[in-house]
1. Would you be able to say whether some residue in the range 94-102 is under 32 Å from the mean Cα position of the chain (by Cα) and in a strand (DSSP E or B)?
2. Looking only at the range 72-109, filter to residues that are at pLDDT below 85 and among the basic types (Lys, Arg); which one of those is least open to solvent (accessible area, probe 1.4 Å)?
3. Filtering the range 20-49 down to residues that are among the aromatic types (Phe, Trp, Tyr) and modelled with pLDDT under 75, which residue is nearest to LEU1 (Cα to Cα)?
4. Looking at GLU114, GLU166, GLU177, which one is in contact (Cβ under 8 Å) with a residue 12 or more places away in the chain and surrounded by fewer than 17 Cβ atoms within 10 Å (Cβ to Cβ)?
5. When the residues of the range 182-214 are filtered to those that are under 20 Å from ASN144 (Cα atoms) and among the charged types (D, E, K, R), which remaining residue is least open to solvent (accessible area, probe 1.4 Å)?
6. Look through the range 125-145, keep the residues that are closer than 30 Å to VAL188 by Cβ and surrounded by 13 or more Cβ atoms within 10 Å (Cβ to Cβ), and return whichever of them is farthest from the chain's Cα centre (by Cα).
7. Would you call THR148 polar (S, T, N, Q) and either touching a residue at least 60 places away in the same chain (Cβ under 8 Å) or open to solvent by 50 Å² or more (accessible area, probe 1.4 Å) (or both)?
Amino acid sequence: LVLLVFFFLAKGAKALASKLFKKFYDKPAIQNLFSTIIYIAVLSVGLMVALNILHLKQTVTSLLAGAGIIGLALGFAFQDITANFISGVLIAVRKPIQVGDIIKVQDYMGTVEEINLRVTIIKTFQGLHVIIPNKDIFQNALINFTKTNERRIDLEVGVSYGDDLEKVKKVALEAAEKIPDLLEDREVNLFYTGFGDSSINFVLHLWIRYPEQPGFLEARSRAVMAIKKAFDENVR
């Protein structure tokens, strides 16, 4: 009778938890996971209560010890799967990345296409599908380019030793500031970085809105062409 009562209590708790988690998490896998855990927990409590009523406390102790040993063995045997699973749950709860985000993990950069409880699938800009274990999302540095919606272009340029550096800076900045798609609240900066074998090098910092990778490449390409044209027009 006790088990029967707890069986119905577990089903009710599962249904209630499922409705509750739907308000916070949009992934059915996460909803089912947490509601199932609550269901099993309530049933386990019912089993322990029933065994205590039957004065089988020793059986309760044996069951708990056995469950602990089995859990420990499974944990060692499937530690990678467990790590990926827990990481998947954390990704679903904390949402460091979402479908559609442009991210870079290790040497892989692309758009997130799918996130499940074990792996994250991204599509690189070369058209390749890469399956990344979820634990790698947490154990390695993750760059999410979509979070800030802006990105800086670091454009490295070299000029000859005979050029007037003050004029070079003035011409380069004027050309760069005319490039479309630059953020108005971000200043274009130029810094000389050092002496090369045959050139004096500098870097231009340009800020653009970053909705997608082709836009970044196009803006950088425009900057290169604009600066080259400006330099050609100011040749001594």
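1. Narrowing the range 94-102 to residues under 32 Å from the mean Cα position of the chain (by Cα): 94-102.
Next, only the ones that are in a strand (DSSP E or B) stay: 102.
Yes, the range 94-102 has at least one match.
2. LYS95
3. Filtering the range 20-49 down to residues among the aromatic types (Phe, Trp, Tyr) leaves 21, 24-25, 34, 39.
Checking which are modelled with pLDDT under 75 leaves us with 21, 24-25, 34.
On the way: PHE21: 30, PHE24: 35, TYR25: 35, PHE34: 26 Å.
For the range 20-49, the residue satisfying everything is PHE34.
4. Numbers: GLU166 fails: in contact (Cβ under 8 Å) with a residue 12 or more places away in the chain; GLU177 fails: in contact (Cβ under 8 Å) with a residue 12 or more places away in the chain.
On inspection, the qualifying residue turns out to be GLU114.
5. GLU212
6. Start the filter on the range 125-145 by keeping residues that are closer than 30 Å to VAL188 by Cβ, which leaves 125, 141-145.
Next cut, surrounded by 13 or more Cβ atoms within 10 Å (Cβ to Cβ) only: 125, 142, 144-145.
Working: PHE125: 17, LEU142: 6, ASN144: 6, PHE145: 9 Å.
For the range 125-145, the residue satisfying everything is PHE125.
7. Values: polar (S, T, N, Q): yes; either touching a residue at least 60 places away in the same chain (Cβ under 8 Å) or open to solvent by 50 Å² or more (accessible area, probe 1.4 Å) (or both): yes.
Answer is yes for this residue.
The values are calculated or read from the model by the stated rules, or taken from the named source; none is laboratory data. Worth saying up front: this structure is predicted, and the values here are computed from it rather than measured. Ideal geometry is used to build each Cβ from the backbone, glycine not excepted, and the neighbour counts take in all protein chains shown. All accessible areas refer to the heavy atoms of the entire protein, side chains included, with ligands and DNA or RNA removed. Shrake-Rupley method; radii C 1.70, N 1.55, O 1.52, S 1.80 Å.
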